[in-house]
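The values are calculated or read from the model by the stated rules, or taken from the named source; none is laboratory data. Small disclaimer: the values here were computed from a predicted structure and weren't measured. Here the Cβ is made from the backbone with ideal geometry for all residues, glycine too, and neighbour counts use every protein chain on show.
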Amino acid sequence: MSTFLVTGGAGFIGSNFVHYVMESTDHRVIVVDKLTYAGNRASLEALPANRMMMIQGDIADVGLLDQLMPQVDAVVHYAAESHNDNSLNDPWPFVDTNILGTYALIEAARRHDVRFHHISTDEVYGDLELDCPERFTESTPYNPSSPYSSTKAGSDLLVRAWVRSFGLRATISNCSNNYGPYQHVEKFIPRQITNVMDSVRPRLYGEGLNVRDWIHANDHSSAVLTILERGRLGETYLIGADGEQNNKTVIESILEIMGEPAGAYDHVMDRPGHDLRYAIDSTKLRTELGWFPQYSDFHGGLEATVQWYRDNEPWWRPQKAAAEAKYQLTGQ
Ligand code: NAD
Ligand code: TDX
């Protein structure tokens, strides 16, 4: 039995990971989360109090980290500013949390010699052409496009340097777009589902031909746990589930699932610098560590996600107006 320090555990993917660990292992978890606009205590409700504790705090709080590090076997670092559109409006919190916050954490992990797993994104690799066989691999050069992805790239490079120069016992994973329960309503899929629930037409950026490689959050969690258990120190693993879909198809599927006409959405201004296509080749993770995704049916997963937002309106409703108000500033 191990104890994990999960940063950002009250956010979307972090909270899914905490649920996954509670359900499928006997490990214990200490969550450190600043509870920014994106964090939600309610995502961790009803979990066993003898195995899960949440502390509201900043990953840059060195005193807090020095108190917690001796109590844990590994850090699983999810905390970040995560939304590309926000990073275009105000990049500073992204530099602050993603770069300086990660720096504080790896220094604390180094001081206390604690195993570290860094959660990152496929967006560090930039984007790919549409309709080509190429996919990202662990050796694709970094080429981030947005303030968000460039700060994630910076944090990855810090971790790599700490491994090489200081022997930090770390691994890194770069995952594709996640979907599932507990995702903030600012993000594409929950935004459109909750718009339809509010009788507001979904909003598609530009032509909507941009492709994302969707993976269910549970598959991301199982991959991270696999890397924690069997990953080779110093290595990077790409996580993906062969889920490429363009945005237009995803909106049409949501409308179909929710009983609306296929064309009942609006095209709005495109995102500046909008990455065209992401696609992950996860051969290394599959062949070296024997990991495989369980959720291969994207449409079925989307149906379950629609149902989750229908069943959990009290969870997302308090965030909805503020999220839409931000989009009004850019007419999106
Ligand atoms: P999220 O925005 O839903 O959650 C982020 C969490 O971090 C929130 O709970 C927030 O309160 C917390 N946080 C922010 N700043 C903090 C700070 N300074 N100290 C402590 N806590 C802080 O994000 P998410 O979508 O769950 O993403 C989690 C991680 O996974 C990020 O590192 C992101 O880059 C990565 N990732 C996300 C996706 C995706 O599709 N969402 C894909 C690949 C990788
Ligand atoms: O209203 C919308 N309409 C729309 O067409 C929104 C919010 C988004 N989009 C498009 C933009 C993207 O092509 O949908 C796609 C997905 O958008 P987001 O949910 O904002 O995700 P993305 O920018 O792809 O980044 C996500 O995946 C990688 C996460 O937010 C990142 O944290 C992760 O690193």
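Restricting attention to segment 108-125, the residues that are away from ligand 2 (no atom under 16 Å from the Cβ) and among the small types (Gly, Ala, Ser) total 2.
If you go through segment 138-150 and keep only what is among the polar types (S, T, N, Q) and within 11 Å of ligand 2 (Cβ to nearest atom), you end up with Ser145, Ser146, Ser149. Pairing residues of segment 226-250 that are more than 30 Å from Arg191 (Cα to Cα) with residues that are crowded, with 16+ Cβ neighbours inside 10 Å and among the aromatic types (Phe, Trp, Tyr), at Cβ distances under 7 Å and at least 6 apart in sequence or on separate chains, gives Thr226/Trp291; Ile227/Tyr237; Gly231/Tyr237. The test for being in contact (Cβ under 8 Å) with a residue 24 or more places away in the chain, surrounded by fewer than 16 Cβ atoms within 10 Å (Cβ to Cβ), within 16 Å of ligand 2 (Cβ to nearest atom) and closer than 24 Å to Thr121 by Cβ does not hold for Gly290. Take the residues of segment 83-107 that are within 16 Å of ligand 2 (Cβ to nearest atom) and hydrophobic (A, V, I, L, M, F, W, C): which is surrounded by the most Cβ atoms within 10 Å (Cβ to Cβ)? Step by step, filter segment 83-107, then rank; the result is Phe94. For segment 237-269, the tally of residues that are within 16 Å of ligand 1 (Cβ to nearest atom), farther than 14 Å from Ile193 by Cα and in contact with a helix residue (DSSP H, G or I) (Cβ under 8 Å, 6 or more places away or on another chain) stands at 7.
Which of the residues spanning segment 22-46 are more than 15 Å from ligand 1 (Cβ to nearest atom) and either buried (at least 19 other Cβ atoms within 10 Å of the Cβ) or on the phi > 0 side of the Ramachandran plot (or both)? Result: Arg28, Ala46.
For Leu88, the test of being more than 9 Å from ligand 1 (Cβ to nearest atom) and not in a helix (DSSP H, G or I) is failed. Residues in segment 274-316 that are assigned to a loop (DSSP other than H, G, I, E, B), at pLDDT 95 or above, small (Gly, Ala, Ser) and under 20 Å from the mean Cα position of the chain (by Cα): Ala279, Ser282. Per the listing Asp90, Asp131, the residue uniquely out of contact with any His (no Cβ under 9 Å at 6 or more places or on another chain) and within 20 Å of Val211 (Cα to Cα) is Asp131.
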